[in-house]
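See below for the structure under consideration.
The values are calculated or read from the model by the stated rules, or taken from the named source; none is laboratory data. If you're wondering where the values come from, they're calculated on a predicted model, not measured in any experiment. Here the Cβ positions follow ideal geometry from the backbone for every residue, glycine too, while neighbour counts run over all protein chains shown.
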Ligand code: FAD
Ligand code: MLT
Ligand code: ZN
């Protein structure tokens with residue numbers, strides 16, 4: 001391996017090849033703390049040519065690569081396994097915004113640009129890059145593309161795959177595919193761009209992307225709404241769509257348990273409503289500077305929701321600071337649950353009409369498996385996507401770990417029976433690779449394996465991730 005390390009040092013400079021445990025530590029453990037591996041080296045290339053040289057060297061040495069962006073993934077896909085034989089390729093130094101074209105509505109960036117920096121570059125040009133995640137201050141566009149990330153703007157703008165026009169990718173053998181086309185229309189064969197979206201680093205290293213921009217939406221009307229049930233939340237979604245049309249930008253749900261954790265662990269958080277409720281919805285309408293009447297539309301929605309028994313109370317943001325405070329209640333849930341202790345994450349989606357019945361019945365099933373288990377249920381209900389994350393009965397983290405397999409199987413089996421998905425937006429990574437394959441048909445898994453074998457015949461790109 002000395003030869004490979006020498007080649008890597010030649011490719012990126014000796015100071016960008018990390019091998020000491022003290023230096024590699026932050027790159028080998030994932031955000032959840034569940035996956036902790038070891039790396040032969042962590043390599044930090046600064047350009048596409050350097051990524052190509054690194055991948056070529058690893059390919060020639062027969063050494064596996066783990067691409068990594070901001071390391072905020074929630075399924076262990078961006079960290080190495082425990083062998084100590086894999087090379088982590090971190091894109092963190094590739095942070096250049098290459099071009100912004102507000103008229104064409106495109107932005108071209110290095111894959112290592114942090115999502116919040118893409119949003120800021122779009123805003124500086126008077127445009128909107130709508131993708132929004134709780135991790136947006138750390139996650140990278142390369143990681144967003146590789147996971148086909150979702151987030152809180154999917155309802156209006158779609159998943160990451162709907163926000164990308166072209167890609168630049170270093171293939172597993174080190175060749176560079178320049179697909180950085182900014183065209184809306186291009187029917188000239190298989191859609192290679194979309195093949196790499198959601199491939200979780202198993203088909204190549206994404207080094208650049210052309211992304212779509214949208215008209216800015218500087219006007220907002222935002223409310224934190226108490227609702228009696230998931231059923232009521234889904235009905236309220238219909239009311240909001242009917243009243244607000246395309247202005248409906250956000251429709252997120254959280255149960256009381258989720259809010260309680262935020263209030264307990266997030267400094268400065270406070271409950272905006274006087275009376276507790278079982279469920280809450282964060283609703284936001286967004287529009288251009290010429291779009292008046294958003295506040296009136298929101299009040300009309302909430303008024304009819306209260307009349308119909310779909311909502312019991314609401315706090316409407318009266319200032320940007322109040323808007324941020326309401327958003328913090330939603331965006332702080334992942335972090336607050338992590339502070340609370342052991343967390344068992346489930347990122348499920350079901351047909352939206354079935355969501356309420358599912359959420360009600362699965363709670364009882366899980367309580368039989370682990371009495372007192374606490375569902376911290378929240379997420380993108382407007383997309384049919386619930387984060388059905390479990391916290392242990394108070395003080396019993398080890399019991400949650402011991403029951404984890406049974407709890408997860410019960411959830412996945414019921415989701416599969418309901419024609420849903422066991423991973424709505426986080427991907428499969430290492431955590432769900434086996435389960436992902438077991439809930440798909442043999443034909444579907446065969447097709448995925450055929451694609452993998454065609455692009456990466458030596459199996460060196462992120463082995464063990466996505467496909468078992
Ligand atoms: P990493 O974690 O570094 O990697 C993730 C995967 O992508 C790995 O398989 C890795 O190998 C691959 N990869 C990374 N970069 C590249 C590249 N350049 N080329 C090829 N493969 C690559 N996700 C959502 O979808 N919606 C949410 O609402 C959401 N909220 C979150 C909130 C919090 C607090 C946290 C911690 C995470 C959240 N996530 C969410 C998960 C995570 O932020 C996303 O999956 C994100 O897209 C990962 O980006 P990253 O740069 O951190 O990727
Ligand atoms: C979120 O939407 O906040 C995350 O995707 C959920 C999670 O951390 O499980
Ligand atoms: Zn989410």
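Within the range 398-410, not a single residue is outside any helix (DSSP H, G or I), touching a strand residue (DSSP E or B) at 6+ places or on another chain (Cβ under 8 Å) and away from ligand 2 (no atom under 11 Å from the Cβ).
When residues in the range 225-252 are screened for being within 12 Å of residue 356 (Cα to Cα) and touching a helix residue (DSSP H, G or I) at 6+ places or on another chain (Cβ under 9 Å), 7 of them pass. Taken residue by residue, the range 207-219 has at least one member that is in contact with a helix residue (DSSP H, G or I) (Cβ under 7 Å, 6 or more places away or on another chain) and within 27 Å of residue 271 (Cα to Cα). Within the option set 35, 7, being at pLDDT 95 or above, surrounded by 13 or more Cβ atoms within 10 Å (Cβ to Cβ) and over 28 Å from residue 345 (Cα atoms) holds for one residue only, 7. Does residue 428 fit the bill of being within 16 Å of ligand 1 (Cβ to nearest atom) and not in a helix (DSSP H, G or I)? Criteria met by residue 428. When each of 137, 92, 112 is tested for being under 21 Å from residue 152 (Cα atoms) and touching a strand residue (DSSP E or B) at 6+ places or on another chain (Cβ under 9 Å), the lone residue that passes is 137. Taken over the range 407-446, residues that are farther than 20 Å from residue 350 by Cα, over 19 Å from the mean Cα position of the chain (by Cα) and surrounded by 14 or more Cβ atoms within 10 Å (Cβ to Cβ) amount to 1. Counting only strands (runs of 3 or more DSSP E) that sit wholly inside the range 300-381, those with at least 1 residues that are within 16 Å of ligand 3 (Cβ to nearest atom) and on the phi > 0 side of the Ramachandran plot are 374-380. The residue that is nearest to residue 21 (Cα to Cα), counting only those in the range 73-91 that are within 9 Å of ligand 1 (Cβ to nearest atom) and not in a strand (DSSP E or B), is 79.
Residues that are more than 14 Å from the chain's Cα centre (by Cα) and buried (at least 22 other Cβ atoms within 10 Å of the Cβ) number at least 2 in the following helices (runs of 4 or more DSSP H) confined to the range 103-194: 115-124.
Quick check on the range 327-365: of everything there that is away from ligand 2 (no atom under 14 Å from the Cβ) and surrounded by 21 or more Cβ atoms within 10 Å (Cβ to Cβ), which residue is farthest from residue 395 (Cα to Cα)? Step by step, filter the range 327-365, then rank; the result is 350. Taking the range 272-287 as the range and being closer than 23 Å to residue 382 by Cα and either surrounded by fewer than 23 Cβ atoms within 10 Å (Cβ to Cβ) or modelled with pLDDT under 95 (or both) as the test, the residues that pass are 272, 273, 276, 277, 278, 282, 287. Number of residues in the range 163-179 that are within 14 Å of ligand 1 (Cβ to nearest atom) and in contact (Cβ under 8 Å) with a residue 24 or more places away in the chain: the value is 10. When residues in the range 288-316 are screened for being over 15 Å from residue 235 (Cα atoms) and crowded, with 21+ Cβ neighbours inside 10 Å, 2 of them pass. A single entry from 266, 273, 236, 213 fulfils the requirement of being under 28 Å from residue 124 (Cβ atoms) and in contact (Cβ under 8 Å) with a residue 12 or more places away in the chain: 213. Do the conditions hold for residue 244, that is, is it buried (at least 17 other Cβ atoms within 10 Å of the Cβ), at negative phi, touching a residue at least 60 places away in the same chain (Cβ under 8 Å) and in contact with a strand residue (DSSP E or B) (Cβ under 9 Å, 6 or more places away or on another chain)? No: the conditions fail for residue 244.
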